[in-house]
1. Report the gain in length on full extension from A:ALA39 to A:ASP231: 0.36 nm times residue separation, minus Cα-Cα distance, nm rounded to one decimal.
2. Taking only C-alpha pairs under 8 Å that are 6+ residues apart, what is the relative contact order of segment B:10-299 in percent?
3. For segment A:18-74, what value does the Rg/Rh ratio take when both radii are computed over Cα atoms and Rh is the Kirkwood radius, given to two decimals?
4. If you place +1 on the Cβ of every Lys and Arg, -1 on the Cβ of every Asp and Glu, and leave all else neutral, what size is the dipole of the protein assembly as shown about its Cα centre, to the nearest 20 Debye?
5. In segment B:338-365, which residues have a backbone nitrogen under 18 Å from the label point lying 7 Å from B:LEU11's Cα in the Cα-to-Cβ direction?
6. Before rounding to the nearest 500, sum -39500 (n - 2.57) across all DSSP H runs of length at least 4 in the protein assembly as shown and divide by the residue total; then give [θ] at 222 nm in deg cm²/dmol.
7. Tally Lys/Arg at +1 and Asp/Glu at -1 over every other residue whose Cβ is under 15 Å from the Cβ of A:HIS20; what's the total?
8. Could you rank the peptides B:460-472, A:113-125, A:69-81, A:218-230 by their average count of other C-beta atoms within 10 Å per residue, with the highest value first?
Amino acid sequence: MTEREAFLEGLAKKAGRPRHQLKDHPLVPVNDLPETTLADKSPAELAALAKTNSEAVHVTYQTTTTKDLPAALDAFIQAKAAKTLLLPTTDAYQRFGLEDWRQQVQPTPTYWVPGAGREANLKAAASAEAAIGFADFLLAESGTITAATTPGQGRAFHFLPTHYLAVIPASRIVARSRQAADWYDREIKAGRLQTSNINFITGPSNSGDIEMVLIVGVHGPLDMTYLVVEDQ
Amino acid sequence: MTIKTSNEPFLTRLKESEQDTFMQKAVAKAQDAQWDKRTAARNELGHWEQWRDLGEQIRQHVIRYLPDYLEEFADNIEKHGGHVFFAKTDKEASDFIKHLAEEKQVHHVVKSKSMVTTEIDLDKELLKIPGLSLLETDLAEFILQEDDWDEPTHIVFPTLHKNRDQIRTIFQKLGYTGDNDPQHLARFARTYLRASFLKADMGITGCNFGVADSGLINLVTNEGNADLVMAIPKTQVVVMGMERLVPSLKEAEVLDNMLARSAVGQKLTSYCSFSTRQVSGESDGPEDFYVVIVDNGRSNALGTPFEPVLQCIRCGACLNVCPVYRHIGGHGYGSIYPGPIGAVLSPVLRGYEQFGDLPFASSLCGACTETCPVRIPLHELLIKHRQVMMNKLHTDKSFNNVIMKGIGVATSTPAMFRMALTADHVAMAPLTKHAPITVENEYPEGIIRKAPSMAKGWTDVRDLPEMPKHSENFRSWFKQHHKEQEAKQDD
């Protein structure tokens, strides 16, 4: 008997219940609250809720259009007086009409590059004063953005830079974490999404560990901006 | 540090806690603030009792089929190229991780907050390796480490007992020269720890929930340190209690929402992550991924009346409503798991010889049971512990039996009960003090400050107002009120 088998057999014996019963007794939830909560909200109502809840978690919430997106991104970089900028490697630039912008943006960006290796990408992220990333969803209920790790937008991309902006298409504002979790679950199981990591990020990092005083900006970015592109 | 944090007797620990007035004020402030935030967050979600039904069902289902879920979870970790080690004891778990660190010639370890790694005394075991440095990166745990591994006082707010001046003094030893502003202190920690993150070759995290059908590790934090621990080092070790599983992402999502609302009154914590071993093409995240699943006494609860304690999601809400915790703080319990959950869990993990006092550190008011998001019947389990202990230790119950029998006879015999109601005011008069109403005295009509004999224990910590005169007691009032009501009806 393997070590694992001995461990699991021991648990079954102590519990007084036979193993391998789960397949005949799957979990059937007692209610559907995760799906039905906020399910009656229209897209406009969800957008309004997303704004309120994002601002409640110290996020700068802005909206723009595809046409005005480059100017909004420039304004962010200028507002943060960023001398170093980190961008992901992604086909999102094309979708958002940002191909020309990224050729001209100042400061000249450093990219999170697939294949560049751990050290190079971490170094780029750690020295970035600002990062602009692309989120998969914005959750209205909690003011949360979600992003699955990709070769071009790694884990530390969201954590090491000092100031962070996430671009989110308005069509990706959903009610709650349930809708996003369902999507990721489906995509991963179908093999359409290959990722080792999914981040749900709700505002900048914070802590109440010193006398319960809220400190915004601990290990992760010191501030967060959500830029919702209304015609996407 | 292991589960037991003090070798002092329970009463000595209580005396020490009584002296710590800063801690008492800090705990009271935290409890009151968390009450407001927690209640608001739950109310905003709506249908909280039905959410509790769902949370309880998920946790009970996992515990019921725990070996099956563990098997599924381990299979999925291994499918992604990770490794799983099942540890029956704390020693097995810490030995495995220590050997791993030696084998990989690790130099710099960064850790995120994990109760179970404290439980298995991992930090001190790893620091025995020559040349190895280890840093706790959660701000509170970092403060405790730098204060010579001080004990945590709360499972969510471990440094509740420390003020900003004490933290400033701790940081000064590391080169901090600023003032005691929490923001400045935190910025110093950020800079100090950032350097350690970037050179770390092993990251160690806990696990809020392991997702059985995918092998993903779900972690929630507000600081973002856990995500850096999972992103930067090439090797990651996850240490988790064996019961911390959920069937799928759906149930993790439900419990993350309930955990954040119950622990800190937030809708979700700042960071909520689901991760596993790095996949092809990614450049950060762990290339080597180990999950250590720890029993360490948890299985003592299986198949017993204490099984519901394994439902716990470590939100700490029961600590935040407990009147006993409010008075004695975390250190009074002498366990890394304090409060009502600790008073139930600690004896399960380590037995009554070490933690037999804790089930008595409760007023049995039931506030813990009432607030628990996954409906653990905490106060009932505390009573059950007392029963089991009485039977197991063959405690002499004759004195209690005589007392309870006497009370039973007196309260069920009308003549005796009436006599007591007539005599109580007169009998207590010699002990009664009269003083004007103040914040310290809510009973200007009379209060007993020091009762004799067994009742002294009560008056040491609680108010004992003088019994009302016979003409002013409830029965007399009710009789009079009833007469007046009848007279009104007749009119």
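1. Values: separation 192, 0.36 × 192 = 69.12 nm, distance 2.23 nm.
Answer, rounded to one decimal: 66.9 nm.
2. Details: 460 pairs, mean separation 75.6, N = 290.
Relative contact order here is 26 percent.
3. On the way: Rg = 20.6 Å, Rh = 15.7 Å.
Rounded to two decimals, Rg/Rh equals 1.31.
4. Details: 77 positive and 92 negative charges, 228 e Å.
Using only the charged Cβ atoms, the result is roughly 1100 debye.
5. Under 18 Å, as judged by backbone N against the label point of B:LEU11, lie B:354-362 of segment B:338-365.
6. Details: 30 runs with 322 residues, N = 723.
That calculation yields -13500 deg cm²/dmol at 222 nm.
7. Values: positive: A:ARG4, A:LYS13, A:ARG17, A:ARG19, A:LYS23, B:ARG64; negative: A:GLU5, A:GLU9, A:ASP24, B:ASP68, B:GLU71, B:GLU72, B:ASP75.
Net local charge, A:HIS20 excluded: -1.
8. Working: B:460-472: 13.4, A:113-125: 17.7, A:69-81: 16.2, A:218-230: 22.6.
Going from most to least packed, we get A:218-230, A:113-125, A:69-81, B:460-472.
Values quoted throughout were computed directly from the atomic coordinates according to the rules given, and no laboratory measurement underlies them. For clarity, every value in this text was computed on a predicted model and none was experimentally measured. Note that we place each Cβ from the backbone using ideal geometry, even for glycine, and neighbour counts take in every protein chain shown.
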